[in-house]
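I have placed the structure first, in the form of structure tokens, so that the comments after it can refer back to it.
The values are calculated or read from the model by the stated rules, or taken from the named source; none is laboratory data. Everything quoted here is computed from the prediction, not taken from an experiment. Cβ coordinates were reconstructed from backbone atoms using ideal geometry, including for glycine residues, and neighbour counts include every protein chain displayed. Calculation scope for accessible area: heavy atoms of the full protein, side chains included, ligands and nucleic acids excluded. Shrake-Rupley method; radii C 1.70, N 1.55, O 1.52, S 1.80 Å.
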Amino acid sequence: AFSSPDAPIVMGILGDDPFGPEFEEALEKQKTHDRAIEVKRINRVAEADGMQMLFVSKSERNRIPAILDELKDSSILTVGETDGFAQLGGIIEFIIDEGKVRFALNVAAEKRSGLKISSELKKLAIKILRE
């Protein structure tokens, strides 16, 4: 959901930022479907309103159930790096496998969010959770 036809795609980072300024600089010049990409760092879930994606940092590991519960009725793509993130209800969990970044996908959480992840992306998941 976007506020206007030219509104940017907003990606949030909740908690400690593991990416650094290079991440934002790399996305600054990128566009997806003619939309700019904007990165916002936030400290509270309430600040995620209007975002399309929210990365939940490992620093929030003790609050993940509460964070995901607060976001359960939103159409925000939730992404995390904490072990078990997808099992707790996050949509995408990054997993380091043999030195490569892979991901697990929780299709039940995807369905609850109202988002539709492409079948091509789903094929790349190393683990699919159906709850």
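What do you reckon, is A86 hydrophobic (A, V, I, L, M, F, W, C), touching a Lys or Arg at 6+ places or on another chain (Cβ under 8 Å), open to solvent by less than 20 Å² (accessible area, probe 1.4 Å) and not in a strand (DSSP E or B)? It is true that A86 is hydrophobic (A, V, I, L, M, F, W, C), touching a Lys or Arg at 6+ places or on another chain (Cβ under 8 Å), open to solvent by less than 20 Å² (accessible area, probe 1.4 Å) and not in a strand (DSSP E or B). Residues in region 1-14: is at least one among the charged types (D, E, K, R), out of contact with any helix residue (DSSP H, G or I) (no Cβ under 8 Å at 6 or more places or on another chain) and not in a loop (DSSP other than H, G, I, E, B)? So far as region 1-14 goes, no, none of its residues is among the charged types (D, E, K, R), out of contact with any helix residue (DSSP H, G or I) (no Cβ under 8 Å at 6 or more places or on another chain) and not in a loop (DSSP other than H, G, I, E, B). Could we say that F94 is closer than 16 Å to M11 by Cβ, open to solvent by less than 40 Å² (accessible area, probe 1.4 Å), aromatic (F, W, Y) and not in a helix (DSSP H, G or I) here? Here the answer is no, as F94 does not meet what is asked.
K31 satisfies every condition listed in (1) in contact with a strand residue (DSSP E or B) (Cβ under 9 Å, 6 or more places away or on another chain); (2) closer than 28 Å to D6 by Cα; (3) open to solvent by less than 90 Å² (accessible area, probe 1.4 Å) except (3). The one condition from (1) aliphatic (A, V, I, L, M); (2) over 15 Å from the mean Cα position of the chain (by Cα); (3) closer than 21 Å to G114 by Cα that V10 does not meet is (2). Only one entry in R63, R41 is open to solvent by 50 Å² or more (accessible area, probe 1.4 Å) and in a strand (DSSP E or B), namely R41.
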